[in-house]
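Please read the structure below before turning to the comments.
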Amino acid sequence: MTFIEFLSQYWPRLLSGTGITIAQFFLAAILGIAISLAMALLKLSNNRILRGSAITYIEVFRGTSLLVQLYWIFFVLPLFGITIEKFTAGYFAVGMNIGAYGAELVRGGILSVPKGQWEAALAINMSPAKRMRRIILPQALVNMLPPWGNLMIELLKGTALVSLISVTDLMFEAKQINASTFLSAQIFGTALVIYYILARFFVTPFMRWLERFMARKLGRA
């Protein structure tokens, strides 16, 4: 079977799997960003309980394997009466894991904002929430976007693990096709190219555009 014949026969399954991978990526990214922001703000809190909770979350999810976390969410939680559907469990695990790494990027970005900006916002009597939303976070976002680009690539690659709980993503379809055809070079080579295209021509350009947009927004271009 030539490579063209291979693609013509299996492209619908590869396309379907790619769609699931993209959905997992977007949902995990949304969840991860929300968790990152929440955990970063809690870690900066003066409340010991809130700060301790955030530190515990970050250390546990950064210090353990994403694969183990995925298995815990899908296989172990049902033993405690919490059953999560496999598609949801997939992006939950990836999003919660990436959120722990992102929390440190957000915290670092917030702390990188010059002290004068904090003092100026305080001088005009802004509330803490408004100060963070209007003054600190926009400037912190510019500082944290470059490392977030790398984190988004890692998130995309991390979605491949959801195939291990039978989420029908690109990697799941690739393994199924390989099991029935034994055309390992063709199928895994194609999967490799698809992941590269998603990372190089979609995720990376978007993150770079977002960096330029935020820089212009703050007059740093």
Looking at the stretch 67-83 only, could you name the residues that are part of a helix (DSSP H, G or I) and among the hydrophobic types (A, V, I, L, M, F, W, C)?
LEU67, VAL68, LEU70, TRP72, ILE73, PHE74, PHE75, VAL76, LEU77, LEU79, PHE80
Given the structure, is THR56 on the phi < 0 side of the Ramachandran plot and assigned to a loop (DSSP other than H, G, I, E, B)?
no
Can you run down the residue pairs with Cβ atoms below 8 Å, 6 or more apart or on separate chains, where the first is in the stretch 172-191 and under 16 Å from THR21 (Cα atoms) and the partner is assigned to a loop (DSSP other than H, G, I, E, B) and open to solvent by 30 Å² or more (accessible area, probe 1.4 Å)?
PHE172/SER166
When the stretch 50-67 is checked residue by residue, the ones that are within 23 Å of the chain's Cα centre (by Cα) and farther than 11 Å from ASN97 by Cα are ARG51, SER53, ALA54, ILE55, THR56
From the residues in the stretch 114-128 that are among the small types (Gly, Ala, Ser) and outside any loop (DSSP other than H, G, I, E, B), which one is most open to solvent (accessible area, probe 1.4 Å)?
ALA123
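Results for (1) β-branched (Val, Ile, Thr); (2) open to solvent by less than 50 Å² (accessible area, probe 1.4 Å); (3) in contact with a His (Cβ under 6 Å, 6 or more places away or on another chain), shown as yes or no for each residue.
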| residue | (1), (2), (3) |
| --- | --- |
| GLY99 | no, yes, no |
| LEU111 | no, no, no |
| LYS130 | no, no, no |
| ILE177 | yes, yes, no |
Positions within the stretch 84-113 being in a loop (DSSP other than H, G, I, E, B), at pLDDT 95 or above and not aliphatic (A, V, I, L, M), in sequence order:
GLU85
Output the residue which, of all residues in the stretch 94-126 that are among the small types (Gly, Ala, Ser) and under 16 Å from LEU44 (Cβ atoms), is farthest from the chain's Cα centre (by Cα).
ALA121
Residues in the stretch 66-75: is at least one within 21 Å of TYR195 (Cβ to Cβ), of a type in the set (Ser, Thr, Tyr) and touching a residue at least 60 places away in the same chain (Cβ under 8 Å)?
no
Just to be sure I understand, how many residues within the stretch 180-202 are of a type outside the set (A, V, I, L, M) and surrounded by fewer than 11 Cβ atoms within 10 Å (Cβ to Cβ)?
4
Inspect the stretch 145-154 for any residue being within 16 Å of the chain's Cα centre (by Cα) and open to solvent by 70 Å² or more (accessible area, probe 1.4 Å) and give the result as yes or no.
yes
Of all residues being assigned to a helix (DSSP H, G or I) and touching a helix residue (DSSP H, G or I) at 6+ places or on another chain (Cβ under 6 Å) in the stretch 38-50, which is most open to solvent (accessible area, probe 1.4 Å)? Just the residue, please.
LEU50
Output the residue which, of all residues in the stretch 121-171 that are of a type in the set (Gly, Ala, Ser) and touching a residue at least 12 places away in the same chain (Cβ under 8 Å), is nearest to ILE84 (Cα to Cα).
SER166
Has the stretch 134-143 got any residue that is among the aliphatic types (A, V, I, L, M) and more than 23 Å from ILE98 (Cα to Cα)?
yes
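The values are calculated or read from the model by the stated rules, or taken from the named source; none is laboratory data. All figures in this text were calculated on a predicted structure; none of them were measured in a lab. Neighbour counts run over all protein chains shown; Cβ positions are idealised from the backbone, glycine included. Please note that ligands, DNA and RNA were not included when accessible areas were found on the heavy atoms of the full protein model with its side chains. Shrake-Rupley method; radii C 1.70, N 1.55, O 1.52, S 1.80 Å.
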